[in-house]
């Protein structure tokens, strides 16, 4: 990287999962980065060196490159300190299933108020196809014809986001002006990967299509798991056998209680809605969404088969975040499980190593300090998130803590035979008949 490229000043609008990781990683590549957020508490935390999210290695990387990182509430200060500006604001689903672009368009309005001549805007937020044209028109209407626009969708997986930035499968850059795309592509010169140059609409569609396909693989293997339970087959071996086929691959063939998080649920819904708005009924994605919702609720049926009625039963949820390595609770399976259990008049106790704000997410759920505390006196335990601490539980000793040794493994994270040998009634997802002394055939 040349010295000029190494010191390209970068701005980031939005200090959440995507914006913060992107900004810190660009600082690690040698760029001066200014991150702007509208939340004063978040900016105060960042200036104190404390990330407002949990992401492995992020706090340490922030500290290592603190001299190249600035955090501010001021859009004007960020613009004056930058040439290329990444937009990384939320685009949550609306009630209709469309992506809510209000935050994106608010940024355009603010740019017009402050002035952003000569900057290049880079869209990192996940936005529907056609957003680039909408933003371009809005910029032109506000006298910002000199502002460039590039689509650069993110493919960061929470929990390993820094590693994904450093070693991506690909970098996608969509632009209508080659010079603008060239300048953004140059930022990734130190990264050893394929850079795919395309149009803005195609770049937008690549992001949605990628997430929708991965979500489809998850729902497909969950459907296979449900059939396996009916025919006494083991979905873990089925997935392994499928994965040897290079046309299929082993990734995202892990049966469980469904996908969650900030990306898959909303992106699948948004793509389905986009197709519908265009006059096309995307029937496959309708099924993907339905399977995912039903998969979470099947756990309740498993508990009822083993415990009978759930009223007054103490149920332990081990793990709350939608996946290990993050504190993200958006669309987490634990939200549905806890809600359904409390509707059945169960007493719910939960443990997670990083999610602590249960009142903000799971009002009425008791918080446990350790996995063992959650298991103490429980009539059943559900493994929701396969944290290392859960995998490392001494289950032989844990059996004595529980009132009824029933474990529903929502992630197929444990060895079924070992759990049965330790005296548990154990049931995974799609692993054949339940095992253990109290198993119900």
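FYI, it's all coordinate maths here, none of it is from the lab. Just so it is clear, the model here is predicted, and its values are computed rather than measured. Cβ atoms come from the backbone with ideal geometry, glycine included; neighbour counts cover every protein chain shown.
Structural remarks
- Remark: spin-label model distance residue 48-residue 356 equals 1.2 nm, labels positioned 7 Å along the Cα→Cβ axis.
- Principal-axis tilt of helix 131-141 within the chain, Cα atoms, nearest 10 degrees: 30
- Between helix 102-114 and the chain there is an angle of about 20 degrees, using the helix long axis and the longest principal axis of the Cα atoms.
- For the chain, the relative contact order comes to 12 percent (Cα pairs under 8 Å, sequence separation of at least 6).
- Neighbour-count order for 155, 244, fewest beta carbons within 10 angstrom listed first: 244, 155
- For the stretch 3-198, the Cα-based Rg and Dmax, in that order, read 15.7, 48 Å.
- The long axis of helix 200-231 is offset from the longest Cα principal axis of the chain by roughly 0 degrees.
- A Förster distance of 56 Å, applied to the separation of the beta-carbon atoms of residue 286 and residue 66, puts the FRET efficiency at 0.75.
- Taking 351, 395 and counting other C-beta atoms within 10 Å, the order from fewest to most: 395, 351
- With the convex hull of its Cα atoms as the shape, the stretch 231-441 has an orientation-averaged projected area of 12.8 nm².
- The chain gives an Rg/Rh value of 1.01, both radii derived from C-alpha positions and Rh following Kirkwood.
- Gain on full extension, evaluated as 0.36 nm per residue between residue 230 and residue 83 minus their Cα-Cα distance, stands at 47.0 nm.
- Here the relative contact order of the stretch 3-198, from alpha carbon pairs under 8 Å that lie six or more residues apart, stands at 19 percent.
- Computed from the Cβ-Cβ distance with R0 of 22 Å, the FRET efficiency linking residue 41 to residue 105 stands at 0.35.
- Ranked list, fewest to most other Cβ atoms within 10 Å of each Cβ, for 22, 8, 94: 94, 8, 22
- Separation of the residue 251 and residue 415 label points, Cα + 7 Å toward Cβ, nm: 2.9
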